[in-house]
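Participant: Just dropping this structure here.
Read the figures in this text as sums done on the coordinates, not as results from a lab. Here the structure is a predicted model, which means the values were calculated and not measured. Methodologically, a virtual Cβ is constructed for each residue, glycine included, from the backbone with ideal geometry; neighbour enumeration extends over all protein chains shown.
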Amino acid sequence: MKLSPDSKLDIAELLRDLEHFRPKRKGWSWRRRIENQSIGPFIYRDSAQSLKHSVPLAAAHHFDHIDPQCDLVITTEIASGRFEDDLRRMRMAAWHGADHIMVIRTTGQSHIDGLIEGTPEGVGGIPISRKQIRATRKALDAIEDEVGRPINFHSYVSGLAGPDIAVLFAEEGVNGAHQDPQYNVLYRDVNMHRSFVDAAEAKRVLADAGILQLDGAHNANATAREAWKVTPELFVQHAINCAYSRAAGMPDDLIALSTVPPTAPPAPKLRLDLPYAVALREVFAGFRFRAQQNTRYMEANAREVNVTHVLDTLISKLARTDIQSTITPDEGRNIPWHYNNIAGVNTARQTLMGIDGLGELLRLRETGPLRDKARELKERAVLFLEEILDGGGYYAAVAAGQFVDQGFYPERRGDGIVRDPEGGDGADSVIPRAPDYGAPVCSHFGNNIYAQGDARACDAHGGCTLCDPDKIQYIDELDADDNVNRRLERPLDEHRRGLLRPEVEKHGDNVVSVTLFVPASPRVAEAAALQMAAHMGLKDPQVISRRMMHPAEGSVFEIKGILDIAIAIDELELPQRLEPLDDAEIESWVRPREIHVVAATVGEDEHSVGLHEILDIKHGGIERYGFHCHNLGTSVSIERLLDTAAQTDARAVLISTIITHADVHQKHMRQLHELALERGLRERLLLVAGGTQVTDSLARECGLDAGFGRGTSGRELASFIVGRLRQAV
Ligand code: Z97
């Protein structure tokens, strides 16, 4: 399957013949780092190979549209509940620089003891099934060809079906996975023996398939109310998982610690989080690090989240993290919206490009509070580990509630998570292997009579599913109603009919969001804001974020609602708009030619702001290309404009009109054309009008060469002038 940048991803084509799809590569990919890379006007110290197709950061148009890529892998988590919708989102995220796509599972999959088949719709997460994974990997294979960089696909291997899912991931080319037996025990109440036995098997399979593993220690941060107090314990959790992973056969560079800077402002974040990050890096040298943005203190306020994210990313850079994970700034809204995924990705990459080369500018101090605090955390962690050893080991420690206790160790609060070593999901389900145990599969932990010498364990059986994918049992949809083909009927039909609906959560869901400021006290303002949204025609309006500006003066609300509307593409009247020339092309034509332009607001119009925007170098106006601009000011007569045009041998006259009454703007435009004709200047001069009431067609009707309305940039005007003057040459 091949994608073309100007066509939408064809889901029907993607699903065709899925049964025979095979991933083109397996295992994790890092970015290709390039030191001192020259891109546009800059040299980057810590960048990676650029993309074939991408959407640069917004300010890039000032810098030759460059799109430098940072050397960290960037993660986004996408899971609307429907994999078929998420594939398009993954494509958008990849264009914005994400190369690690995590798919969150729908709730409860940790408790299911086996694989699920088919693709039922999820709620705030995706049911992980073979079909969903295969379709996603197929889409990502095409997307990575389009952007020119490998994209890592990731989900979870914890839970009761861990080993089964590890095999599924190895078969289907999944590249990264969370796997941590402690996660099951603490957060999903899976039986301890079962969890650790399963983990050995799962980790071995992940290792053989080159799948990068993240641990689950950071979940303590996300769980504890005072997240910075559980940091000593996190060293211990990481250590247990690293040691256990190694013992199960994982190489160090497939073992990644999942870390989160534990605080968010107004906490004194850097003072608390940086020593923790530095200490972790030192203790776990040689392993990989995935830093996730702090989610514990996240409100549904995008600006606030983005600031925390910037600080988190700074900490990642200082602590030499390998993967920067991003969260949608609206994580607090249950089902995050795809454009907020992209906002999160952009926050990370913008920050990382902005702090490129930080290491050669700043060095962390070798003495003082950073070192003292880092050492203190390490000491607390060692004491914690010693206590576990003295108390009889990990199971006993969990049974005694020593994990996720919110005391800052060795302080104890007595509110830790308590689990019974003999209880939980899957208790009594572990069966010791017989001495002659065997399984004819190539990836397997522990004794196996089939794995003797150099021969493959599956040789006697003609290959296992890892060696011969044709042996994989592919089971398609089992549910006649809740399946992808049924779900796609309406969207595909509307697509064929050329109908467009707004969407943020699921295809064509008609969800929109509006921002409203209401000048009253919060309760009154909120009730009023909801009514206003209803008056806009939004069904089921709900406040998704609220910020008080002042207790009496007002609050600002983001409100989501349903705008039940479908627009027919065929019936749209698309305004004619030529793509303006690029800055360099305009300047190289204008500067050597000494082109004079005369401009003013005409009649009795004192509004000169728009004209300044168009002319002044400070506002990005046409002066910057080398035009000689004669701004005669406000309320200038047409005669005077043309006098100056004649004196300076100008090539263009620009008039600006903002306030109009009795259509005086039209009168002025006609006068300009007629007087220029009368004076014999019309041939030589381009006559252009601008202003809020001006349209191109109106200006042309009045005899001018062009009209520019609201929102015109200097570049568009300059591009027009250059285009016309070039023709005239
Ligand atoms: C993250 N934003 O990236 P279930 N195993 C481990 C986990 O940490 C998790 C699961 C399994 C977060 C994602 C938190 N982590 C959410 C080690 C979840 C998922 O399917 O929810 O039972 O397990 O880490």
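Participant: Taking the Cβ of Y297 as the center, what net charge do the other residues with Cβ under 13 Å away carry, scoring Lys and Arg +1 and Asp and Glu -1?
Facilitator: -3
Participant: Just need the relative contact order of the range 510-571 here, percent rounded to a whole number, with Cα pairs under 8 Å and 6+ apart.
Facilitator: Numbers: 118 pairs, mean separation 27.3, N = 62.
Worked out over the range 510-571, it gives 44 percent.
Participant: Could you rank the peptides 527-538, 662-673 by their average count of other C-beta atoms within 10 Å per residue, with the highest value first? Please report the intermediate quantities before stating the final value.
Facilitator: Numbers: 527-538: 16.2, 662-673: 18.6.
Packing proxy ranking, top to bottom: 662-673, 527-538.
Participant: What angle do you read, to the nearest 10 degrees and between 0 and 90, between the alpha-carbon axis of helix 638-648 and the longest principal axis of the chain?
Facilitator: 80
Participant: Please report how far the C-alpha centroid of the range 213-263 lies from that of the range 474-536, rounded to the nearest whole angstrom.
Facilitator: About 38 Å separates the Cα centre of the range 213-263 from the one of the range 474-536.
Participant: Can you sort R16, R624 from fewest to most other Cβ atoms within 10 Å of each residue's own Cβ?
Facilitator: Fewest-to-most Cβ neighbours within 10 Å comes out as R16, R624.
Participant: Quick one: which residues, 5 or more positions from G407 or on another chain, have an amide H under 5 Å from its amide H? H modelled 1.01 Å from N in the peptide plane, none for Pro or chain starts.
Facilitator: Here the answer is R413, G414, D415, since their amide H atoms fall under 5 Å of that of G407.
Participant: Can you give the angle from 0 to 90° between the axis of helix 664-678 and the longest principal axis of the chain, with both taken from C-alpha atoms, to the nearest 10?
Facilitator: 60
Participant: Just tell me which lysines come within less than 27 Å, Cα to Cα, of K52; anything on the same chain fewer than 8 places away is out.
Facilitator: Partners within reach: K2, K8, K24, K26, K138, K317.
Participant: Still on this structure, I have one more. Residue-wise, which Karplus ³J(HN,Hα) couplings in Hz belong to the range 158-163, taking 6.51 cos²θ - 1.76 cosθ + 1.60, θ = phi - 60°, and x for glycine or proline?
Facilitator: 7, x, 5, 8, x, x
Participant: What FRET efficiency, computed as 1/(1 + (r/R0)^6) with R0 = 51 Å and r the Cβ-Cβ distance, is obtained for V556 and Q49, rounded to the nearest 0.05?
Facilitator: On the way: r = 42 Å, r/R0 = 0.81.
Computed FRET efficiency for V556 and Q49: 0.75.
Participant: Next question. Could you state the number of Å between the C-alpha centres of the range 404-431 and the range 283-324?
Facilitator: 28
Participant: Ranking request for peptides 47-55, 145-153: highest mean number of other beta-carbon atoms within 10 Å first, then the rest in descending order.
Facilitator: In decreasing order of mean packing, 47-55, 145-153 become 145-153, 47-55.
Participant: Report, by chain and number, residues whose modeled amide H sits under 5 Å from the one on F153, excluding near sequence neighbours (fewer than 5 apart, same chain).
Facilitator: Residues meeting the criterion, in which the H sits 1.01 Å from N, are I101, N175, G176.
Participant: I want to check the label-to-label distance for L492 and L272. Put each point 7 Å from Cα in the C-beta direction and report it in nm to one decimal.
Facilitator: Label-label distance for L492 and L272, simple model: 5.2 nm.
Participant: Can you list residues whose amide H is under 5 Å from S555's amide H, if they're 5+ apart or on another chain and H is modeled 1.01 Å from N?
Facilitator: V518, A520, M549
Participant: I'd like the orientation of helix 484-496 relative to the chain: the angle between its Cα long axis and the longest Cα principal axis, in ° from 0 to 90, rounded to 10.
Facilitator: 10
Participant: Would you tally the net charge around D481, using a Cβ to Cβ cut-off of less than 12 Å, leaving D481 out, and scoring K and R as +1, D and E as -1? Working shown, then result.
Facilitator: On the way: positive: R486, R487; negative: E121, E477, D479, D482, E489.
Combined, the nearby Lys, Arg, Asp and Glu give -3.
Participant: Let me ask something else about it. Distance from the Cα centre of the range 605-664 to that of the range 23-59, in angstrom?
Facilitator: After rounding, the separation between the Cα centres reads 44 Å.
Participant: Percent relative contact order of the chain, based on C-alpha pairs within less than 8 angstrom and at least six residues apart? Kindly include the intermediate steps, with their values, before the conclusion.
Facilitator: On the way: 1413 pairs, mean separation 68.6, N = 729.
That works out to 9 percent.
Participant: Also, I was wondering about something else. Net charge near E121: determine it from the other residues with C-beta under 11 Å of the C-beta of E121, scoring Lys and Arg +1 and Asp and Glu -1. Walk me through the numbers before you get to the answer.
Facilitator: Details: positive: R82, R486, R487, K506; negative: E84, D85, D479, D481, D482.
For residues surrounding E121, the net value is -1.
Participant: Sort by residue number and name the cysteines in the chain that have no neighbouring cysteine Cβ under 4.7 Å.
Facilitator: For the chain, the answer is C70, C242, C442, C467, C629, C702, because their Cβ atoms have no other cysteine Cβ under 4.7 Å.
Participant: If you don't mind, another one. Excluding residues on the same chain fewer than 8 positions from K373, give the lysines whose Cα lies under 18 Å from its Cα.
Facilitator: Filter leaves K229, K269.
Participant: If you don't mind, another one. Per residue of the range 224-240, in order, report the coupling 6.51 cos²θ - 1.76 cosθ + 1.60 (Karplus, θ = phi - 60°) as ³J(HN,Hα) in whole Hz, putting x for Gly and Pro.
Facilitator: These are the phi-based 3J(HN,Hα) values: 5, 5, 9, 5, 6, 7, 8, 4, x, 5, 5, 4, 5, 4, 4, 5, 4 Hz.
Participant: Now for a different question. If packing is taken as the average number of other Cβ atoms within 10 Å across a peptide's residues, how do 608-620, 337-349 rank, most packed first?
Facilitator: Numbers: 608-620: 17.3, 337-349: 22.5.
Averaged packing, sorted descending, gives the order 337-349, 608-620.
Participant: Give, to the nearest whole percent, the P(r) tail of the chain beyond 34 angstrom, counting all Cα pairs.
Facilitator: Value for the chain (Cα pairs over 34 Å): 59 percent.
Participant: Can you give the calculated 222 nm mean residue ellipticity of the chain, where each DSSP H run of n ≥ 4 adds -39,500 (n - 2.57) and the sum is split over every residue, rounded to the nearest 500 deg cm²/dmol?
Facilitator: On the way: 22 runs with 264 residues, N = 729.
So the helix-based figure for the chain works out to -11000 deg cm²/dmol.
Participant: Using every pair of alpha-carbon atoms in the range 510-571, split the distances into 5 Å bins beginning at 0 and state the percent of pairs per bin, rounded to integers.
Facilitator: Reading the bins upward from 0: 4, 21, 27, 18, 12, 8, 5, 3, 2, 1.
Participant: Output ³J(HN,Hα) for the range 389-403: one whole-Hz value per residue in order, computed from phi by the Karplus curve 6.51 cos²θ - 1.76 cosθ + 1.60 with θ = phi - 60°, and x for Gly and Pro.
Facilitator: 5, 5, x, x, x, 5, 4, 5, 5, 5, 4, 8, x, 7, 9
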